[in-house]
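The values are calculated or read from the model by the stated rules, or taken from the named source; none is laboratory data. All values derive from a computational prediction rather than experimental measurement. In this analysis, Cβ positions are derived from the backbone assuming ideal geometry, glycine residues included, and neighbour counts consider all displayed protein chains. Heavy atoms of the whole protein, side chains included, go into the accessibility calculation; ligands, DNA and RNA do not. Shrake-Rupley method; radii C 1.70, N 1.55, O 1.52, S 1.80 Å.
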Amino acid sequence: MAYRERVNKRLEQKEKRYETEQLLKKKRSEEYQVLEEVFDKSTLMTIYGLLNKGVIDEIHGVVKAGKEARIYWGTDREGKELAIKIYLTIASEFKKGKLRYIRGDPRFTHIRRETRSIVFAWALKEFKNLKLALKAKVKVPKPFVVKKNVLVMQFIGKNGIPAPNLKELPPKNPERIYNELLAFVRRLYQKSKLIHGDISEYNIMVWRGRPVLFDMAQGVLLSHPMATTFLKRDLQNLHRYFKKQGVKVLSTDEAYRKVVEDVKT
Ligand SMILES: Nc1ncnc2c1ncn2[C@@H]1O[C@H](COP(=O)(O)OP(=O)(O)O)[C@@H](O)[C@H]1O
Ligand SMILES: [Mg+2]
């Protein structure tokens, strides 16, 4: 029986490999070759799985390559634009040479898997936080699917060009953007019990005159011991940025009270 199981498993793996190879033949564009150079086998299998399933139809190119994640522009079968955030499963410090000393050492076979499971949890956390934000009617990229270290979400922008963030392009209507952002922070807090935790001009885009919050993996629930500290820091960052833009900002204490106070109607 064990033998038959093993044979079946091998056949299954063979079949999977065959499907992937077929897919690769179809999609042998330059972009896919580049993907193969950047990502490890397991990440490639995850990406190809999403292509096979039709969650993603095409991956066109990279939007941003950061230290922890790369964002790709893609489309689904209907041509709807997607942002595909792929977390790197090996921390960059590891890549810089240390890996050579770890790989192949039987004492450390668990290390990679450990790092990877942390990264998977991180991607799943971002997915869940985005969902929570949507529930609170906070404008964020709609999350579609998360699989291991790959998160597929709504693309904010058009034709592969992401909407500018506040750092790249200060808004023409800073007063309104500021007020909307405070309302976002309040709704996140009140309705979803969530703190973004990394609000800054880098993690807010402006699209069609409205702010969009994103990059939410580090978001925490109110029950987190650092929740208040993170919330105050978020508010401080908003305060600093919008003050510079000439907005009559609330003091951080006032803003904090506004966010947390229970308004009874
Ligand atoms: N949903 C999205 N739509 C369009 N562009 C996006 C989207 N998500 C991220 N980006 C682009 O990728 C950049 C980095 O994304 P972010 O989630 O902040 O990753 P990091 O964790 O590396 O900071 C953003 O500044 C933006 O330009
Ligand atoms: Mg970011």
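Scanning region 219-244 for residues that are in contact (Cβ under 8 Å) with a residue 40 or more places away in the chain and either within 16 Å of ligand 1 (Cβ to nearest atom) or open to solvent by 60 Å² or more (accessible area, probe 1.4 Å) (or both), which turns out nearest to ALA183 (Cα to Cα)? Only one residue fits best here, namely ASP234.
Listed by first and then second residue, the pairs linking a residue in region 55-76 that is part of a strand (DSSP E or B) to a residue that is more than 12 Å from ligand 2 (Cβ to nearest atom) and among the polar types (S, T, N, Q), with Cβ atoms under 8 Å apart and 6 or more places separating them unless they lie on different chains, are GLU58/THR75; HIS60/THR75. Kindly check whether there is at least one residue in region 25-40 that is open to solvent by 50 Å² or more (accessible area, probe 1.4 Å), away from ligand 2 (no atom under 16 Å from the Cβ) and at pLDDT 85 or above. No; the residues of region 25-40 include none that is open to solvent by 50 Å² or more (accessible area, probe 1.4 Å), away from ligand 2 (no atom under 16 Å from the Cβ) and at pLDDT 85 or above.
Looking at this structure, is VAL152 within 16 Å of ligand 2 (Cβ to nearest atom) and among the hydrophobic types (A, V, I, L, M, F, W, C)? Against the criterion (within 16 Å of ligand 2 (Cβ to nearest atom) and among the hydrophobic types (A, V, I, L, M, F, W, C)), VAL152 does not qualify.
Close Cβ contacts (under 6 Å, 6 or more residues apart or on different chains) running from residues in region 154-165 that are touching a residue at least 24 places away in the same chain (Cβ under 8 Å) to residues that are open to solvent by 20 Å² or more (accessible area, probe 1.4 Å) and in a loop (DSSP other than H, G, I, E, B) comprise GLN154/LYS142; ASN165/TYR202. Is there a residue in region 105-117 that is at pLDDT below 90 and under 26 Å from SER192 (Cα atoms)? Taking every residue of region 105-117 in turn, at least one turns out to be at pLDDT below 90 and under 26 Å from SER192 (Cα atoms).
Matching residues to (1) farther than 14 Å from LEU169 by Cβ; (2) away from ligand 2 (no atom under 16 Å from the Cβ); (3) assigned by TED's automatic domain parsing to the domain that holds ILE86:
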| site | (1), (2), (3) |
| --- | --- |
| MET205 | no, no, no |
| MET216 | yes, no, no |
| SER223 | yes, yes, no |
| TYR241 | no, no, no |
| LYS248 | yes, yes, no |
| THR252 | yes, yes, no |
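Filtering region 41-73 to residues that are open to solvent by 60 Å² or more (accessible area, probe 1.4 Å), closer than 13 Å to ILE86 by Cα and within 16 Å of ligand 1 (Cβ to nearest atom) leaves VAL62, LYS64, ALA65, LYS67, GLU68, TRP73.
Of all residues in region 187-217, those being in a loop (DSSP other than H, G, I, E, B), open to solvent by 40 Å² or more (accessible area, probe 1.4 Å) and away from ligand 1 (no atom under 12 Å from the Cβ) number 2. Examine region 152-162 for a residue that is within 20 Å of the chain's Cα centre (by Cα), at pLDDT below 90 and open to solvent by less than 90 Å² (accessible area, probe 1.4 Å), and state whether such a residue exists. No: zero hits.
Taken over region 167-184, residues that are under 21 Å from LYS142 (Cβ atoms) and either open to solvent by less than 10 Å² (accessible area, probe 1.4 Å) or within 16 Å of ligand 2 (Cβ to nearest atom) (or both) amount to 3.
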